[in-house]
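Notes follow once the structure below has been shown.
The values are calculated or read from the model by the stated rules, or taken from the named source; none is laboratory data. Nothing here was measured: the structure is a model prediction, and the numbers come from that model. Because the Cβ atoms are built from the backbone with ideal geometry, glycine has one as well, and the counts that use them run over all protein chains shown.
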């Protein structure tokens with residue numbers, strides 16, 4: 001039924017505007033604007049839904065009921081949260097670096113939204129189909145580091161400075177295992193185009209051929225999004241909130257609501273696309289449209305992230321660095337080596 | 001195996017996630033307190049002989065009582081408890097010989113204004129006694145006075161109930 | 001290139017200092033060079049207030065010191081008054097004291113375990129222990145009428161007898177207690193991340209522990225077998241059969257694990273006390289106005305945080321001349337400054353959680 005819903009929508013819009021006599025160039029520009037708005041709306045709506053899901057899941061794990069008062073089952077709770085946060089005062093301490101302080105929460109949402117334009121939601125449904133999609137994705141997600149650092153420095157607060165330094169160390173160290181885990185997948189498929197990677201998993205998903213890479217990608221993904229057990233950036237019991245300590249009202253909402261969940265969405269989507277077969281249906285169950293499969297897998301991975309979050313304690317800074325550099329990087333290098341020899345042997349045998 | 005403890009932790013949280021929830025939907029569902037619970041104070045005015053043992057037993061001097069001699073007995077005119085200083089230790093309830101002061105199971109004692117917190121259990125004027133040797137006119141006067149006083153006390157005790 | 005140390009204030013307002021407690025840290029990067037604890041933000045003057053109250057009126061104030069294990073606080077003070085007056089407590093009252101005291105100890109250790117797990121980052125462990133603590137508080141509410149500040153003890157016994165609905169409820173709780181301890185073991189103690197955070201962190205050597213007068217699980221974690229219930233038994237503790245768990249390394253992990261084991265042993269003690277509970281009065285014949293003879297007395301009991309003592313000086317009047325409490329949390333904090341040197345900020349939190357202080361007790 002709705003198998004190619006987005007493709008049909010774009011074709012209809014093109015036809016509509018061609019019929020109205022709009023020249024082709026403006027046609028494409030308007031379509032691009034519509035696509036960008038759709039992506040931004042998608043990320044924002046998902047962030048609101050994830051706030052609710054996180055609180056409900058957290059409550060269920062701790063054997064209590066989460067939000068229940070506003071709306072049936074508390075579904076309207078995030079809207080009340082957003083309204084409350086918008087009406088709060090943004091307190092500016094005496095010696096903050098004003099431009100940097102106010103820019104940081106605005107800029108923090110930009111990298112995930114840029115990254116979301118590249119992801120394939122379904123068969124042929126990509127906002128921007130880039131040939132080096134994966135490479136671009138990695139480059140964009142690593143921009144978040146400096147923005148966290150900006151927030152930590154501008155707050156003029158020793159706790160925030162500590163948090164900012166920690167965030168730089170953590171995010172830089174864990175990008176290496178992240179990228180190296182992806183290298184195994186790229187080696188097998190030979191392309192960096194995300195739709196191409198999804199289509200290459202037609203026979204068997206990469207989680208079965210590259211289990212070590214999946215595990216390392218998962219762990220490094222938790223570290224990249226600053227969630228427990230790697231959340232020493234926003235320590236909560238040591239450095240109160242790290243770089244976000246001095247923010248209130250909408251700044252707080254940007255960091256905790258939008259940035260954290262948008263980053264989580266990007267990492268989970270990359271997990272689904274690279275290892276879990278993207279929009280491909282398992283066992284060939286084609287009666288459910290491909291984009292529904294994508295969402296199902298996406299929320300399954302997000303559930304895994306949240307489950308791990310509420311179970312484990314947090315690790316210490318030097319243990320984090322030891323784990324990242326001395327355990328994960330050699331694991332991924334070994335994975336690349338094994339993958340390379342495997343490919344060579346398969347080609348030599350002639351499969 | 002290295003990750004064994006980690007997997008066990010995941011199993012425990014999975015089981016709790018699917019298990020029974022412990023929340024009581026508080027303002028809409030009432031919690032039953034046990035019979036001995038130290039809740040709101042109740043003073044049975046008819047049993048009280050205004051001896052003042054409760055006021056002496058209190059560590060914080062929470063109870064302020066005033067009495068007046070009517071006829072041969074002491075008549076309780078004012079009994080105010082400064083709940084904002086009360087420790088809810090129960091020494092006053094234990095000290096009362098006549099079982100007049102008791103705890104109830106009411107847990108809602110919060111108010112909107114600070115001045116409404118102070119618990120006035122009894123605030124009534126003492127009845128007038130015309131002549132002490134003449135028993136006959138004094139008796140109907142005394143019989144009327146407790147009826148009037150009972151109504152006044154009921155009104156005074158109801159007022160804090162409505163706010164609480 | 002030159003580096004310098006900076007001062008960070010782990011201030012009174014902090015989510016993990018178990019109250020309003022301040023530590024001034026001098027840091028070199030993330031490593032602690034010098035730590036200065038500053039207590040006193042919760043000082044309420046209980047010892048001074050006690051001089052203007054009669055002996056029975058002081059009992060509600062002792063509740064407010066270690067509010068997590070308030071029954072044990074009552075016990076120490078009341079035992080000192082009884083020693084001064086020479087009152088003998090009836091047998092049934094002693095057994096009831098043991099039962100409610102051990103229940104209070106379980107409640108206090110649950111908070112210690114949960115709070116340390118929560119400080120390290122496992123917030124789920126925090127809510128699990130608080131959920132289980134509700135059962136203990138319900139039991140104690142059945143007995144005394146309050147959930148946290150009981151004022152249940154009186155000079156010469158206890159205030160009221162155990163009600164009828166208490167016995168099946170406490171048996172049900174004791175049957176579930178090993179399951180609860182196993183859950184904490186599975187979720188927190190066995191977790192590799194938690195072990196990496198707490199093993200060999202904040203090691204207290206046994207001789208240093210004895211020199212600094214540490215007591216309770218803080219000292220027993222280093223392997224020193226000193227539990228006042230076994231060494232100088234008071235009340236009827238010599239009639240029960242229980243073990244004293246000891247640690248091996250003296251690190252944070254041992255101090256954490258000992259508390260879970262002590263909960264199990266307290267369950268055993270309550271079981272035996274319920275079986276041996278005799279009939280009889282619950283309060284000795286004590287005059288209405290308590291006027292001890294002139295003199296002084298000091299009694300120590302094993303509270304959940306360590307050796308808790310009450311020192312009374314009486315001058316023959318109904319009000320005490322001087323009351324002093326030997327608070328275990330305050331004395332256990334004496335070694336904190338030296339203990340934190342060389343560790344990271346995250347370890348300071350772990351160490352503070354493992355010593356398990358309660359600010360009401362530290363500042364009195």
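Would you be able to say whether some residue in the stretch B:46-67 is surrounded by fewer than 13 Cβ atoms within 10 Å (Cβ to Cβ) and on the phi > 0 side of the Ramachandran plot?
Within the stretch B:46-67, one or more residues are surrounded by fewer than 13 Cβ atoms within 10 Å (Cβ to Cβ) and on the phi > 0 side of the Ramachandran plot.
If only one of A:219, A:240, A:197 is within 12 Å of another protein chain (Cβ to nearest Cβ) and assigned to a helix (DSSP H, G or I), which one is it? So that I can check it myself, show each step before the final result.
Details: A:240 fails: assigned to a helix (DSSP H, G or I); A:197 fails: within 12 Å of another protein chain (Cβ to nearest Cβ).
Within the list A:219, A:240, A:197, the selection yields A:219.
With the structure loaded, tell me whether residue A:227 is in contact with a strand residue (DSSP E or B) (Cβ under 7 Å, 6 or more places away or on another chain) and either at pLDDT 90 or above or within 14 Å of another protein chain (Cβ to nearest Cβ) (or both) or whether it fails that test. Walk me through how you get there before you give the answer.
Working: in contact with a strand residue (DSSP E or B) (Cβ under 7 Å, 6 or more places away or on another chain): no; either at pLDDT 90 or above or within 14 Å of another protein chain (Cβ to nearest Cβ) (or both): yes.
No: the conditions fail for residue A:227.
Mind listing just one residue for me: the one in the stretch C:124-141 that is in contact (Cβ under 8 Å) with a residue 60 or more places away in the chain and within 26 Å of residue A:306 (Cβ to Cβ) and, of those, nearest to the other protein chains (Cβ to nearest Cβ)? Write out each step before concluding.
The initial filter retains those residues of the stretch C:124-141 that are in contact (Cβ under 8 Å) with a residue 60 or more places away in the chain, namely C:124-125, C:140.
Keeping just the survivors that are within 26 Å of residue A:306 (Cβ to Cβ) gives C:124-125.
Values: C:124: 5, C:125: 8 Å.
Among those residues, the one meeting the criterion is C:124.
How many residues does the stretch A:292-318 hold that are buried (at least 16 other Cβ atoms within 10 Å of the Cβ), within 14 Å of chain C (Cβ to nearest Cβ) and in a helix (DSSP H, G or I)?
5
When you look at residue A:52, is it closer than 30 Å to residue B:19 by Cα and either in contact (Cβ under 8 Å) with a residue 24 or more places away in the chain or exposed (fewer than 12 other Cβ atoms within 10 Å of the Cβ) (or both), yes or no? Explain how you work it out, then say what you get.
Numbers: closer than 30 Å to residue B:19 by Cα: yes; either in contact (Cβ under 8 Å) with a residue 24 or more places away in the chain or exposed (fewer than 12 other Cβ atoms within 10 Å of the Cβ) (or both): yes.
It is true that residue A:52 is closer than 30 Å to residue B:19 by Cα and either in contact (Cβ under 8 Å) with a residue 24 or more places away in the chain or exposed (fewer than 12 other Cβ atoms within 10 Å of the Cβ) (or both).
Sort out which residues of the stretch B:24-51 are modelled with pLDDT under 85 and facing another protein chain (nearest Cβ under 8 Å), and write them in order of number.
Matches in the stretch B:24-51: B:25 only.
Sort through C:86, C:117, C:121 and tell me the only one that's buried (at least 24 other Cβ atoms within 10 Å of the Cβ) and either on the phi > 0 side of the Ramachandran plot or free of Cβ contacts under 8 Å to residues at least 40 places away in the same chain (or both).
So the residue among C:86, C:117, C:121 that is buried (at least 24 other Cβ atoms within 10 Å of the Cβ) and either on the phi > 0 side of the Ramachandran plot or free of Cβ contacts under 8 Å to residues at least 40 places away in the same chain (or both) is C:121.
Can you tell me how many residues within the stretch C:310-330 are closer than 30 Å to residue C:262 by Cβ and surrounded by fewer than 20 Cβ atoms within 10 Å (Cβ to Cβ)? If you could, list the steps in order and put the result at the bottom.
From the stretch C:310-330, those closer than 30 Å to residue C:262 by Cβ are C:310-312, C:323-330; that's our starting set.
With the extra rule that they be surrounded by fewer than 20 Cβ atoms within 10 Å (Cβ to Cβ), the set shrinks to C:311, C:324, C:326, C:330.
Here the count works out to 4.
Working carefully through the options C:61, C:77, find the one that is more than 14 Å from the chain's Cα centre (by Cα) and without any contact (Cβ under 8 Å) to a residue 60 or more places away in the chain.
Working: C:77 fails: without any contact (Cβ under 8 Å) to a residue 60 or more places away in the chain.
Selected residue: C:61, the only one of C:61, C:77 that is more than 14 Å from the chain's Cα centre (by Cα) and without any contact (Cβ under 8 Å) to a residue 60 or more places away in the chain.
If you go through the stretch B:68-76 one residue at a time, do you hit one that is outside any strand (DSSP E or B) and either more than 14 Å from every other protein chain (Cβ to nearest Cβ) or more than 14 Å from the chain's Cα centre (by Cα) (or both)? Give the derivation first.
So in the stretch B:68-76, the residues outside any strand (DSSP E or B) come out as B:71-72.
Retained after the next criterion (residues that are either more than 14 Å from every other protein chain (Cβ to nearest Cβ) or more than 14 Å from the chain's Cα centre (by Cα) (or both)): B:71-72.
Yes, the stretch B:68-76 contains at least one residue that is outside any strand (DSSP E or B) and either more than 14 Å from every other protein chain (Cβ to nearest Cβ) or more than 14 Å from the chain's Cα centre (by Cα) (or both).
What pairs can you find where one residue is in the stretch A:1-30 and closer than 29 Å to residue A:280 by Cα, the other is in a loop (DSSP other than H, G, I, E, B) and modelled with pLDDT under 75, and their Cβ atoms are less than 6 Å apart, with a gap of 6+ or different chains?
A:7/A:124
Out of B:8, B:61, B:20, report the one residue that is within 12 Å of another protein chain (Cβ to nearest Cβ), part of a loop (DSSP other than H, G, I, E, B) and more than 25 Å from residue C:144 (Cβ to Cβ). Lay out the reasoning, then the answer.
On the way: B:8 fails: part of a loop (DSSP other than H, G, I, E, B); B:61 fails: more than 25 Å from residue C:144 (Cβ to Cβ).
After applying the criteria, what remains is B:20.
Please work out if residue C:198 is farther than 21 Å from residue C:282 by Cβ and facing another protein chain (nearest Cβ under 9 Å).
Values: farther than 21 Å from residue C:282 by Cβ: yes; facing another protein chain (nearest Cβ under 9 Å): no.
When the stated conditions are applied, residue C:198 does not pass them.
Restricting to the stretch B:57-89, name every residue that is over 25 Å from residue B:106 (Cα atoms) and touching a helix residue (DSSP H, G or I) at 6+ places or on another chain (Cβ under 9 Å).
Within the stretch B:57-89, B:70, B:71, B:75 meet the criteria.
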